[in-house]
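Written below as structure tokens is the structure these notes are about.
The values are calculated or read from the model by the stated rules, or taken from the named source; none is laboratory data. Here the structure is a predicted model, which means the values were calculated and not measured. As a convention, Cβ positions derive from the backbone with ideal geometry for all residues, glycine included, and neighbour counts pool all protein chains shown.
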Amino acid sequence: MTFTFVTLFENLVSPYFEDSILKRALQSGKIKIDFKNPRDYTDNKHNKVDNYQAGGGAGLLMFPQPLSALLDELKRDNPNVHIIFPAPAGKPFRQIDAKRLAKKEHIVFVSGRYEGIDERVIEEYGDEVFSIGDYVLTGGELASLVMSDAISRNIKGVLGNEDSLDEESFEDGTLEAPSFTKPNIFKGSSIPSEFLKGNHAIICTLKKEMSGLKTKYFRPDLFLRNKGQ
């Protein structure tokens with residue numbers, strides 16, 4: 001899997017891949033990353049990438065020409081490239097999307113800045129538009145990192161123990177059950193006794209019950225959605 005980050009600020013993205021699981025994924029070749037800066041594709045002498053909004057409005061927009069030239073080049077190099085625009089107006093990014101996108105060959109994340117990107121670029125080049133939440137960020141880089149991380153975890157060989165994917169939140173539409181480690185008692189609070197007895201069938205049943213309760217408490221929307229299925 002190759003991730004291409006289209007961004008004005010490479011240094012906001014690249015450090016995230018310098019440690020832990022994603023660093024090992026890079027070193028092993030499970031994922032590759034590269035960066036494209038829209039300023040390198042401008043046709044004006046000042047390398048401007050922003051302009052005033054048509055019809056007025058506060059703030060500037062990234063105008064079409066640099067992004068169009070950049071994305072055209074990427075599509076010429078690989079016609080199968082999958083282009084994603086992070087945006088508050090996009091559909092919610094879910095675990096099911098992370099698993100589906102992990103099967104792609106090459107994903108491009110286009111990070112907007114200022115007040116966003118001229119809508120014509122998104123309509124022309126966007127294969128998908130995703131939101132990571134109902135709030136506004138200063139740019140698309142954080143959202144791109146969130147999605148690339150979630151996708152990477154679902155690429156075969158990236159995680160040391162792939163069985164852990166089966167027990168994670170959202171795999172069956174619920175939140176992951178609470179987890180515990182030693183000591184058995186901490187500040188007067190004990191690990192559930194069944195976890196200490198070694199009966200894996202009982203532990204599995206208990207975890208499923210706790211997962212349901214946790215989902216009902218923290219994410220009643222998910223709980224009601226699953227209840228209605």
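Residues in segment 204-229 that are of a type in the set (D, E, K, R), touching a Phe, Trp or Tyr at 6+ places or on another chain (Cβ under 7 Å) and touching a residue at least 24 places away in the same chain (Cβ under 8 Å): none. All but one of (1) surrounded by fewer than 11 Cβ atoms within 10 Å (Cβ to Cβ); (2) at pLDDT 90 or above; (3) not hydrophobic (A, V, I, L, M, F, W, C) hold for LYS182; which doesn't? Failing condition for LYS182: (2).
Please specify each residue of segment 108-162 satisfying the condition of being basic (Lys, Arg) and more than 20 Å from LEU70 (Cα to Cα). Once the filter is applied, which keeps residues that are basic (Lys, Arg) and more than 20 Å from LEU70 (Cα to Cα), segment 108-162 yields ARG153, LYS156. Of the residues contained in segment 121-131, one or more are found to be touching a residue at least 12 places away in the same chain (Cβ under 8 Å), among the aromatic types (Phe, Trp, Tyr) and in contact with a Phe, Trp or Tyr (Cβ under 9 Å, 6 or more places away or on another chain).
With respect to the conditions (1) over 29 Å from ALA102 (Cα atoms); (2) touching a residue at least 40 places away in the same chain (Cβ under 8 Å), PHE9 lacks only one, and its number is (1). Picking from residues in segment 185-212 that are of a type in the set (Ser, Thr, Tyr) and surrounded by 10 or more Cβ atoms within 10 Å (Cβ to Cβ), the one that is nearest to ILE96 (Cα to Cα) is SER211.
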